[in-house]
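The structure appears below as structure tokens.
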Amino acid sequence: MQVWLKILAVLALSASATSGPASPPNSYAVSAKLTHAGQSFAEPSAIVLAGKPASIEVSGPDGYKLTLTVSDIAAREIQVVANLDSSHGSMAPTVIVRPGQPASVSIGDLGLELTVSRSDG
């Protein structure tokens, strides 16, 4: 049952990120991959407004809460302040990414991969 809740949560977030009205100005499309010991346990995505924290939360055995705050640094640099609390551990990295290119960070067995693109609005 928990697996279906996770799938529904990811589908709902994915649908909101890819359908409906255009993304708001000054926003970012963020895709994440959460891993533990090299195995993926979640792949959430969301539209995040510049400078405003956005959270994704899923309960269950592989439950997690991921909070992201995204802001521009330069034309080819975007800063992501992440806070991940999961059943596998926690981390709070600040990552500088290039638009559209995946960047990853890990602490012990816990890993976070982020891909961020600017939305045109």
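Laboratory data are not the source of any read-out in this text; all were calculated from the coordinates shown. Since the model is a prediction, treat every value here as computed from it, not as a measurement. All Cβ positions, even for glycine, are placed from backbone atoms using ideal geometry, and neighbour counts span all protein chains on display.
Remarks
- A74 fulfils the conditions (1) over 13 Å from A29 (Cα atoms); (2) under 14 Å from the mean Cα position of the chain (by Cα); (3) not basic (K, R) except for a single criterion, (2).
- Output for segment 99-121, where each listed residue is surrounded by fewer than 13 Cβ atoms within 10 Å (Cβ to Cβ) and over 15 Å from K33 (Cα atoms): G108, D120, G121
- Matching residues in segment 22-59 - criterion: being among the β-branched types (V, I, T), under 17 Å from R118 (Cα atoms) and either out of contact with any Pro (no Cβ under 9 Å at 6 or more places or on another chain) or surrounded by fewer than 19 Cβ atoms within 10 Å (Cβ to Cβ) (or both): I47, V48
- Selection within segment 34-58 - more than 25 Å from G100 (Cβ to Cβ), touching a Lys or Arg at 6+ places or on another chain (Cβ under 9 Å) and either of a type in the set (V, I, T) or not in a strand (DSSP E or B) (or both): V58
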